[in-house]
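Each remark here refers to the structure printed beneath this line.
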Amino acid sequence: MDYSSLLRIDKNHIWHPYAPAIDKKNNFLVKNAKGVYLYLHNKKKLIDGISSWWSVIHGYNHSILNAVIRNQLNKMAHVMFGGLTHRPAVELTKKLIRIVPKGLSHVFYSDSGSVAVEIAMKIAIQYWFAKGKNLKKKFIAIKNGYHGDTWHAMSICDTDTGMHQIFKSQLPQQLFSPCLSTEYEEDKMDKLLALLEKEYKSIAAFILEPVVQGAGGMKFYHPGYLKTIRKFCDDYNILLIADEIATGFGRTGKLFACEHAAIVPDIMCLGKTLTGGYLSFGATLCNQEIAETISNHKPNILLHGPTFTANPLACAVSKASIDLLLKSNWQKNINRIENHFKDSLSELKSHRNVKNIRMLGGIAVIEMKTEIDIATFQESLAKHNVWLRPFKNIIYTIPPYIISNKELNLLTDGICNSIYEVYGER
Ligand code: PMP
């Protein structure tokens, strides 16, 4: 099929994420990808500055990850996990348990980040059910948070400011802590404490994205809040779920963002980077006490079992991706990326359309004063050989960790030049 037919069928029949089905703009057609580059049908090559939505940390088409998938494919692409097991799942689990915050000892594998969150919520409710506390069914989350697009994951996103507002009346009503800030503010925690004091008997778990809130607005907050929330959860018999789907595996400068506050959650969700960006996959981890409590109380089982649980290809490539990460000098790489962002993007601070610039680890965020015309901005970026996916008034970059200094220069020059082109020089 020629390229124009591909684009015509795409435009007429395929519904893309967060996009209209009708009257939509043309998508960029990617022929292949290698390293940090996306190669388009029109011979352009774009640096992927957002690692395919946080996931491709080792770059595309990685020879080792490719070989691991091919090798596993020759053994088996898939086998059901109910009553069966396999080496890739066991080896991945051994590895994961060794690197996550100490105490998370049991892993449930699923198909995506949102599903990993749903499972975390079910685990929390089942845990309290097993303990005879049937009233503990609600969740508390932080304002501006984001935890996925499935039904109960939507209920713990910020349904006032987030994208799921139209579903709000149909979703289970959850509780929300005040927005958190980069400076630690005691009165926010006083407000939270008052809410917990009133509601703790109905709360199963507190769910949060540690330190960096992603799709809810790319906001960072002081790790001290995590310490306080961990203490409140202990004091009020509330489980703590860390959604590390975006922050896990080094992105914030720590292997897991919980480490910024040296806290251990009771339940943790992983996805995105887990497979190095190769396959859709999620993992929900919990501690021994939760696993034992659920297993020792009728119905003794976790009431969840997706068809593709622990897919062997996904398990094998995840283990290989973690091995690659641990063998690489990832911390040095993240520092290098962070320093480059500080040097090259700070000039934007004084731009009249820029509201705020923030950086942490391999993340740089440019918050504009007004909503961005995404298609116009992406066209401009493409002229400068860069691919990003801004949303609302947020331009952000989270490049693959393997990006070279030269490529980093191209990326940040492209971002600055597109801002000047679209918004004017100053
Ligand atoms: N939690 C967080 C923090 C996320 O960033 C995302 C994805 N943007 C999800 C959950 C949902 O993951 P998925 O898109 O794989 O369902």
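For the range 272-287, check the following and say yes or no: at least one residue is within 22 Å of Thr309 (Cβ to Cβ), hydroxyl-bearing (Ser, Thr, Tyr) and in contact with a strand residue (DSSP E or B) (Cβ under 7 Å, 6 or more places away or on another chain).
Checked the range 272-287: at least one residue is within 22 Å of Thr309 (Cβ to Cβ), hydroxyl-bearing (Ser, Thr, Tyr) and in contact with a strand residue (DSSP E or B) (Cβ under 7 Å, 6 or more places away or on another chain).
If we scan the range 372-386, do we find a residue that is under 19 Å from the mean Cα position of the chain (by Cα) and surrounded by fewer than 22 Cβ atoms within 10 Å (Cβ to Cβ)?
no
Any idea which of Ser55, Ser112 is outside the structural domain of Lys383 (by TED's automatic domain parsing), farther than 19 Å from Pro265 by Cβ and within 25 Å of the chain's Cα centre (by Cα)?
None of the others qualify; the one that does is Ser112.
Just to be sure before I move on: is Phe81 within 16 Å of the ligand (Cβ to nearest atom), open to solvent by 30 Å² or more (accessible area, probe 1.4 Å) and of a type outside the set (Val, Ile, Thr) in the structure I sent?
No.
Quick check: anything in the range 75-92 closer than 30 Å to Leu410 by Cβ and more than 16 Å from the chain's Cα centre (by Cα)?
no
Scan the range 114-132 and tell me whether some residue there is in contact with a Lys or Arg (Cβ under 9 Å, 6 or more places away or on another chain), open to solvent by less than 60 Å² (accessible area, probe 1.4 Å) and within 16 Å of the ligand (Cβ to nearest atom).
Yes, some residue in the range 114-132 is in contact with a Lys or Arg (Cβ under 9 Å, 6 or more places away or on another chain), open to solvent by less than 60 Å² (accessible area, probe 1.4 Å) and within 16 Å of the ligand (Cβ to nearest atom).
May I ask you to list the residues in the range 158-174 that are in a loop (DSSP other than H, G, I, E, B) and either at pLDDT 95 or above or among the polar types (S, T, N, Q) (or both)?
Thr159, Thr161, Gln173, Gln174
Looking at Ala310, is it in the same structural domain as Gly103 (by TED's automatic domain parsing), among the small types (Gly, Ala, Ser) and in a helix (DSSP H, G or I)?
Criteria not met by Ala310.
When you look at Thr252, is it of a type in the set (S, T, N, Q), within 11 Å of the ligand (Cβ to nearest atom) and either assigned by TED's automatic domain parsing to the domain that holds Phe206 or buried (at least 24 other Cβ atoms within 10 Å of the Cβ) (or both), yes or no?
For Thr252, the condition - of a type in the set (S, T, N, Q), within 11 Å of the ligand (Cβ to nearest atom) and either assigned by TED's automatic domain parsing to the domain that holds Phe206 or buried (at least 24 other Cβ atoms within 10 Å of the Cβ) (or both) - is not met.
Can you tell me which residues in the range 150-163 are surrounded by 18 or more Cβ atoms within 10 Å (Cβ to Cβ) and without any contact (Cβ under 8 Å) to a residue 40 or more places away in the chain?
Those that are surrounded by 18 or more Cβ atoms within 10 Å (Cβ to Cβ) and without any contact (Cβ under 8 Å) to a residue 40 or more places away in the chain: His152, Ala153, Met154, Ser155, Thr159.
Tell me which strands (runs of 3 or more DSSP E) are completely within the range 343-426 and hold 3 or more residues being under 27 Å from Asn26 (Cβ atoms), or say none if there are none.
394-397
What strands (runs of 3 or more DSSP E) lie completely within the range 175-269 and have 3 or more residues being among the aliphatic types (A, V, I, L, M)?
203-208, 239-243
Right, Phe139: assigned to a helix (DSSP H, G or I) and more than 12 Å from the ligand (Cβ to nearest atom) or not?
No, not satisfied.
Filter the range 9-66 for residues that are farther than 22 Å from Ile415 by Cβ and touching a Phe, Trp or Tyr at 6+ places or on another chain (Cβ under 8 Å); which is most open to solvent (accessible area, probe 1.4 Å)?
For the range 9-66, the residue satisfying everything is Lys31.
The values are calculated or read from the model by the stated rules, or taken from the named source; none is laboratory data. Worth saying up front: this structure is predicted, and the values here are computed from it rather than measured. For neighbour counting, all protein chains shown are included, and Cβ atoms are generated from backbone atoms with ideal geometry for every residue, glycine included. Each accessible area value is taken on the protein alone, full model and side chains, heavy atoms only, with ligands, DNA and RNA left out. Shrake-Rupley method; radii C 1.70, N 1.55, O 1.52, S 1.80 Å.
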